[in-house]
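Structure first, commentary second.
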Amino acid sequence: MSNVAAAIITIGDELLIGQTIDTNSAWIAQRLNMLGIDVIRRVAVGDNRQDILASLDEELARTSLVIITGGLGPTADDITKPLLNEYFSGKMVVNRRVEEHLFDIFSKRNRPILERNLKQAEVPDTCTVLFNRMGTAPGMWFEKNDKVVVSLPGVPFEMVAIMEDEVLPRLGKRFLSDVLMHRSIITAGEGESFIAENIKDLEDALPGHIKLAYLPGAGMVKLRLTGRGQNARQIDSELLQHQEEIAKRLEKNVIALEDMTIEQMLGKWFTQEHLSLGLAESCTGGNIAHHITQVMGATNYFKGSLVCYQNEIKEKVLGVKKETLEKYGAISEETVTEMVLGARNVLASDITFAVTGLLSPLDNATVPVGCVWMAVADKSRLKTREFRFHYDRERNKEMATAMGMLMIWKFIHS
């Protein structure tokens, strides 16, 4: 079975002028790709009736599936629903489940419900309503001439909820007859091009029904094997074989064989080992703690983060010596060492990590931009490392965050 072709249309003037960054189409494309559906076009259009109609006609002419986001709110510029009602020759009817949901939302918020809010319970009778548990605007599923059009809210967390609850399961039943399976290899320490060159012969030897994708991130590269076919047991066996071959070749760089983020890996390990983690953050400003606490159950192992941005706080909270700061500076191996030991004492954590660095230009700086020192310690070991990042402030912060978590991972597995 050949892959289904899809297009994504995002609607909103704010997208065209750069006021809002479109993250919806990227997320949708990734999920469709995992399902085996090929996204061949992504189009952004403004809140203009003719432009939306023209885009819809054009994409339906070349694909079997069009997913639209945006334009479903209660204001005058939200024109997607009436336009689709007309496009699919429907009439507006009240969906009682959506109406009850609206009353429930406004009641819980102790706010009066307006007529324009109630209008969101009106949907074309030619669509299947996609319930939105996270918001007020329902999604809509239309079918015509063996084509599918899905309309979703533009609010990202609402779009994601409807996609996961309603759309992806329906797409699997509607379009896919083959089994689609994935296996992942998470690597760190080498870039995408090095890894690709190292396993070129293994990639070339993959059968036609198994594809390898490279998904680089901050400090890591995820390899995803995707297999398609009729026999689930055979596909799973083949994927496992190729996963093992690639992982063996990249043995020094492999950190996991599960499709997980580094913070999820850390959470799983700390939970299983019944050990605790504590942080002392300077240049990352609590960003590592943010990532750690994105994982459900972090309260079971994460003691906290001491964000000591200024030198006087490093002294007062972490016990860094004034003499150390004056002699070696805030961004030094000596300072980060005292930071991690001080944080371990304050937090009483089994594993403790500290970071200090310069992420963007600063007058009278004694270290180059991008210089970051990190330390990780337990009761008997302490390791330090200097990093040099060469990006802008935001990217340097993300790199420091990712490499910090990776340093913790390598420490606990050494």
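The values are calculated or read from the model by the stated rules, or taken from the named source; none is laboratory data. Since this is a predicted model, take the numbers as computed values, not measurements. We place every Cβ from the backbone using ideal geometry, glycine too, and count neighbours over all the protein chains shown. Calculation scope for accessible area: heavy atoms of the full protein, side chains included, ligands and nucleic acids excluded. Shrake-Rupley method; radii C 1.70, N 1.55, O 1.52, S 1.80 Å.
If one takes the longest principal axis of the Cα atoms in the chain, at what angle in degrees, from 0 to 90 and to the nearest 10, does the Cα axis of helix 24-35 lie? The two axes meet at around 90 degrees. Just so you know, the averaged projected area of the alpha carbon convex hull for region 139-284 sits at 13.2 nm². Kindly provide the helix-only [θ] at 222 nm of the chain, computed as the sum of -39,500 (n - 2.57) over DSSP H runs of four or more divided by all residues, to the nearest 500 deg cm²/dmol? Rounded to the nearest 500, it is -12000 deg cm²/dmol. Taking 0.36 nm per residue of sequence separation and removing the Cα-Cα distance, the Asp13/Ala44 pair yields an extension gain of 10.3 nm. Here the Kirkwood formula, the inverse mean of 1/r across different C-alpha pairs, assigns region 214-365 a hydrodynamic radius of 18.2 Å. Taking trypsin sites (Lys or Arg not before Pro) across region 41-111, the ones in a DSSP loop with at most 10 further Cβ atoms lying within 10 angstrom of their Cβ are Lys91, Arg109. Eigen-decomposition of the gyration tensor built on the alpha-carbon atoms of the chain gives equivalent ellipsoid semi-axes of 46, 29, 20 angstrom, largest listed first. Highest average first, the peptides 336-343, 289-296 ordered by how many other beta carbon atoms sit within 10 Å of their residues are 336-343, 289-296. Centre-to-centre, using Cα atoms only, region 318-389 and region 49-122 are separated by 53 Å.
The eigenvalues of the Cα gyration tensor, multiplied by 5 and square-rooted, give region 291-414 an equivalent ellipsoid with semi-axes of 22, 18, 13 Å from largest to smallest. Proximity of backbone amide H atoms, modeled 1.01 Å from N, is registered between Cys371 and Leu358, Phe389 at under 5 Å, excluding neighbours fewer than 5 places apart on the same chain. With respect to the chain, whose longest principal axis is taken over its alpha-carbon atoms, helix 96-108 is tilted by about 40°.
For the pair region 296-310 / region 224-240, the C-alpha centres are spaced 40 Å from each other.
Could you do me a favour and compute the accessible area per residue for the chain, 1.4 Å probe, result in Å²?
It amounts to 50 Å² per residue over the chain.
What a 1.4 Å probe finds exposed on region 243-351 is 48% carbon and sulfur by accessible area, rounded to a whole percent.
Applying the Karplus relation 6.51 cos²θ - 1.76 cosθ + 1.60 with θ = phi - 60° to region 261-278 yields 3J(HN,Hα) values of 6, 5, 5, 5, 4, 4, x, 5, 5, 4, 5, 5, 8, 6, 10, 10, 10, x Hz, where x marks Gly and Pro.
Here the spin labels are modelled as points 7 Å beyond Cα on the Cα-Cβ line, and at Glu58 and Asn33 they lie 2.3 nm apart. For region 115-154, the ratio of Cα radius of gyration to the globular rule of thumb 2.2 N^0.38 Å stands at 1.23.
Along region 195-202 the Karplus relation, 6.51 cos²θ - 1.76 cosθ + 1.60 evaluated at θ = phi - 60°, assigns HN-Hα couplings of 5, 4, 5, 5, 10, 4, 5, 5 Hz to successive residues, with x for each Gly and Pro.
So, with a 1.4 angstrom probe, what is the percent of accessible area on region 137-188 that is carbon and sulfur?
So the carbon and sulfur contribution to the accessible surface is 51 percent.
Applying the criteria of a DSSP loop state and at most 16 other Cβ atoms within 10 Å to the chymotrypsin sites (Phe, Trp or Tyr not before Pro) of region 339-406 yields Tyr391. Full extension of the segment from Arg249 to Met296, taken as 0.36 nm per residue of separation minus the current Cα-Cα distance, would add 13.6 nm. Can you compute the label reach from His209? Point 7 Å from Cα along the Cβ direction, backbone N cut-off under 17 Å, restricted to region 223-253. Hits in region 223-253 for His209 at 17 Å: 225-243. Under 5 Å from the amide H of Ile68 lie the amide H atoms of Ile9, Val150, Ser151, Leu152, each residue being 5 or more positions distant or on a separate chain, with H modelled from the backbone and absent for Pro and chain starts. Between the helical axis of 333-347 and the longest alpha-carbon principal axis of the chain there is an angle of about 70 degrees. Rolling a 1.4 angstrom probe over region 55-95 with all protein chains present gives an accessible area of which 50% lies on carbon and sulfur atoms. For region 186-310, the relative contact order comes to 22 percent (Cα pairs under 8 Å, sequence separation of at least 6).
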